[in-house]
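Chemist: Pasting in a structure now, in structure tokens, and then I'll have a few things to ask.
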Amino acid sequence: MKHLLLICLAGLLTNGVRAEGQESALYKDAGQPVEKRVEDLLSKMTLDEKVFQLNQYTLGWNHNVNNIAEEVKKIPAEIGSLIYFESDPTLRNEVQRKAVEESRLGIPILFGYDVIHGFRTVYPISLAQACSWNPELVKQACAVAARESRLAGVDWTFSPMVDVARDGRWGRISEGYGEDPYTNAVFGVASIQGYQGDDLSNPNHIAACLKHFVGYGASEAGRDYVYTEISPQTLWDTYMLPYEEGIKAGAATVMSCFNDISGTPGTANRYILTDILKNRWQHDGFVVSDWGAIEQLRPQGVAADRKEAALKAFTAGVEMDMMNQCYDRHLAELVNEGKISTDQVDDAVRRVLRLKFRLGLFENPYTPVTTEQERFLLPASIQVAEKLAEESIVLLKNDNQVLPLSKTAKIAVIGPMAKEKDHLLGSWANHGKAEHVVSIYDGLEKTFRNQAQLIYAQGTGFEEADKSGFAEAKAAAEKADIILLCLGEKKGWSGENASRSTIALPPIQEELVRELSQTGKPIVLILSSGRPLELNRLEPLSAAILQIWQPGVAGGNPIAGILSGDINPSGKLSVTFPYSTGQIPIYYNHRQSARPNQGLYQDIPSTPLYEFAHGLSYTTFEYSDIKLSSTQIKSGGKVTAEVTVTNSGNMDGAETVHWFVSTPVSTISRPVKELKHFEKQFLKKGETYTYRFEIDPLKDLGFINGNGDRFLENGTYYIKVKDQQVAIKVD
């Protein structure tokens, strides 16, 4: 820390006075092309100034308004970026003023923050968002987050996370879009488009950051920060696609991963960060380390000290040091020793400056100061959050059409989640406030007012082995026609550093279900969680199961709407629900087995409880046979697949059609099926719609090898929808 302070002081002493003539410098001219401005500014910078641009510190957090001057004083004017923990731009502007007016070149600071699923208007966790199968709606939600973030003083979000995750024990499964590469790619692109729009300099947009590049979701046994064994083949056919599509969509930045990938940690992995990202994919933005990931090359066993860690991360392709104190302490020294060239430093700084120019920070470095009422929770923003929550909720089970609740006079509302607000926000809801959340009970009370009597009892807490509330809960259930049992996870049980050995609910919650089942009253299980859950003991005791995930501020309103029948559920799972934790990893697109009828578990089923893409509706949909425009195709041709769907039930509703592809024989073994396209449409009762899949043979039928090269082989392929398939021949 002493060394850091000396560097900061030296920078202030040497650079604190503006260089003569800078006001008329080319880089100050907004009419000049960005690349010319970048090169002009770069040519004027000293090595110390360049190094500062490659470092990120923090600002704020429980900030006292009376200490603004002291907070500003401790931040070097030349710093490249700050993680901004406040929701008001006042402190940000004061620090920015110091950078613009007191540093020699007046380079503005880039302010970042973990805006994962909303800023103040918190919408459902990302895993839930994918269950909506509505990328346009996710794009709208990210646009809301971008506007709120920018008005709060944040220019850059560390989102979206597109780590393919197949282990529900891993806490960060909540932050991504599930187990499928294509799904992560589609929703990652939608998020980027929502955050960044068409013009980063627009004051309602922020820069996105694809994370964590790459393979973080493969952490062994679901434990965070640990080793991942990923072959080149699996790296490309499972983990790379969402990042490649995100780069094509214009993601401004990328975050390196914590995990060690087959012996080389992602933060020191030149193949991934430079050979692929920069050279092959031509990404012209920059890579930021995850928090402390450079310093953590030491405990990972590939760097002896911070200096070596800085050398390995920088030469691998990490441009910005997030809270490691490695670059600010050692980068200049490494240059002077000839271990890092000035050209390498210039390329890194060029990438950081490029984003600052694209964001318009040189022209508009300050954030207008507005009221919270102007910034947050606007009616239109809440409407988007409610709609996304509504479409993300998945009806897993509904025996005998116990839902929706109709002509129900007395409803028992039981469980620790019933009146809970804070835990409905989920992890990474940093600026979300419980006071803005509609609880499940509040939503029910509003919806069923003058229609039914609600009888409440908490029953138990989340995990404490306390049965003292069981009797009250059982008495409430005895008085009611139906039981709404609201269970689930606290928000801190998922997210970063939140691994769990089992994905079952705590024993006390399961025991409450068993106790209430003795009443003979039908149980509707309402589950809030940040991961798939083990439900094999609870499923037989439940007449219906509604997976609400962690729905954000909208909370109880869409839940009550679905229970009442005002809303028809349309969510479908983006992740498999195992029968038991012991089945993990279990996912739909697994490779074919050498003995399909053997190698099964002897003590439990080998199939999941609920499959990927499972989700029920209150109406019924009839599917026609799949029709192909041609049953033969050449590599350069096109084929259209169609299926007609009719809403044959008595209620309007939305249906998502998932198109899968498989092939029985390939030179590289392929998954039993792979999702290649999906489409969601709202159909009124009696309405018919034709869903189409425009098949690009190389992209949709082809596969990818361990070098990242896509290929298409002659042979038979199958197009699958639900339980039917048609063959198409490639020659």
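Chemist: From the protein chains alone at 1.4 Å, what is the descending order of accessible area for 438, 38, largest first?
Modeler: The residues order as 438, 38, largest area first.
Chemist: Where does helix 181-196 land angle-wise versus the long Cα axis of the chain, in degrees 0 to 90, nearest 10?
Modeler: 50 degrees
Chemist: Please get the size of the charge dipole for the chain, origin at its Cα centre, with Cβ charges of +1 on Lys and Arg and -1 on Asp and Glu, quoted in debye to the nearest 20.
Modeler: So the dipole magnitude of the chain works out to roughly 620 debye.
Chemist: Which percent of the accessible area of the chain is formed by carbon and sulfur heavy atoms (probe 1.4 angstrom)?
Modeler: 47 percent
Chemist: In addition: Beyond 19 Å between alpha-carbons counts as too far, so tell me which of 419/490; 397/474; 139/211 fall in that bin.
Modeler: In this structure, 397/474 exceed 19 Å between Cα atoms.
Chemist: Let me ask you something else. Mind pulling the angle between the C-alpha long axis of helix 89-102 and the longest principal axis of the chain? Nearest 10 degrees, somewhere in 0 to 90.
Modeler: 20 degrees
Chemist: Could you give the dipole magnitude of segment 578-646 about its Cα centre, charging the beta-carbon of Lys and Arg +1 and that of Asp and Glu -1, in debye to the nearest 20?
Modeler: 400 debye
Chemist: So, by mean Cβ neighbours within 10 angstrom, what's the order for 134-141, 274-281 with the highest one leading?
Modeler: So the peptides 134-141, 274-281, ranked by packing, come out 134-141, 274-281.
Chemist: Right, another one. Pick out, from 110, 43, 335, the residue whose Cα sits farthest towards the positive end of the charge dipole of the chain, with +1 on the Cβ of Lys and Arg and -1 on the Cβ of Asp and Glu.
Modeler: Checked the options; the winner is 110.
Chemist: Out of 708, 693, 672, whose Cα points farthest toward the positive end of the dipole of segment 645-731 (charges: +1 Lys, Arg; -1 Asp, Glu; placed on Cβ)?
Modeler: Farthest along the dipole direction, towards plus: 672.
Chemist: May I ask you to compute the full-extension gain from residue 201 to residue 631, defined as 0.36 nm times their residue separation minus their alpha-carbon distance, rounded to one decimal in nm?
Modeler: The span from residue 201 to residue 631 would gain 150.0 nm if fully extended.
Chemist: Rounded to the nearest 5, what is the percent of antiparallel bridges among the DSSP beta bridges in the chain?
Modeler: About 50 percent, rounded to the nearest 5.
Chemist: Just to confirm, what accessible area per residue do you get for the chain at 1.4 Å probe, in whole Å²?
Modeler: Spelled out: the 1.4 Å probe surface of the chain, per residue, equals 38 Å².
Chemist: What ranking do 666-676, 243-253 get when scored by the average of other Cβ atoms within 10 Å per residue, highest first?
Modeler: 243-253, 666-676
Chemist: Separate question: Taking the structure as given and computing mean projected area of the Cα convex hull in nm², which label from [x] 33.5; [y] 30.5; [z] 41.5 fits?
Modeler: Given [x] 33.5; [y] 30.5; [z] 41.5, the calculated one carries the label [x].
Chemist: About the Cα centre of segment 230-303, how large is the charge dipole given +1 on each Lys and Arg Cβ and -1 on each Asp and Glu Cβ? Please answer in debye to the nearest 20.
Modeler: 160 debye
Chemist: Another question about this same structure. With the contact rule set at Cα under 8 Å and sequence spacing of 6 or more, what percent relative contact order holds for the chain?
Modeler: This gives 13 percent for the chain.
Chemist: Where does the chain land at 222 nm, in deg cm²/dmol rounded to the nearest 500, when only DSSP H runs of n ≥ 4 count, each adding -39500 (n - 2.57), divided by all residues?
Modeler: After summing the helix terms and dividing by the residues of the chain, the value is -8000 deg cm²/dmol.
Chemist: Something else now. So, in Å, what gap is there between the alpha-carbon centers of segment 499-536 and segment 130-151?
Modeler: 31 Å
Chemist: Sequence gap at least 6, Cα distance under 8 Å: using those rules, report the relative contact order of segment 549-642 to the nearest whole percent.
Modeler: 30 percent
Chemist: Given 0.36 nm per residue, what is the gain on full extension from residue 518 to residue 699 after removing their alpha carbon distance, in nm?
Modeler: 59.8 nm
Chemist: Between 0 and 90 degrees, rounded to the nearest ten: what's the tilt of helix 470-479 against the longest Cα principal axis of the chain?
Modeler: 50 degrees
Chemist: Ordered by packing density, taken as the mean number of other Cβ atoms within 10 Å over each peptide's residues, highest first, how do 189-196, 454-461 rank?
Modeler: Going by the mean number of other Cβ atoms within 10 Å, highest first, we get 189-196, 454-461.
Chemist: Full extension from residue 378 to residue 43: what is 0.36 nm times the residue separation minus their Cα-Cα distance, to one decimal in nm?
Modeler: Gain on extension, residue 378 to residue 43, equals 116.1 nm.
The values are calculated or read from the model by the stated rules, or taken from the named source; none is laboratory data. Worth saying up front: this structure is predicted, and the values here are computed from it rather than measured. A quick note on method: Cβ atoms are made from the backbone with ideal geometry, for glycine too, and the neighbour counts reach across all protein chains shown. The area values use the complete protein model at the heavy-atom level, side chains included, leaving out ligands, DNA and RNA. Shrake-Rupley method; radii C 1.70, N 1.55, O 1.52, S 1.80 Å.
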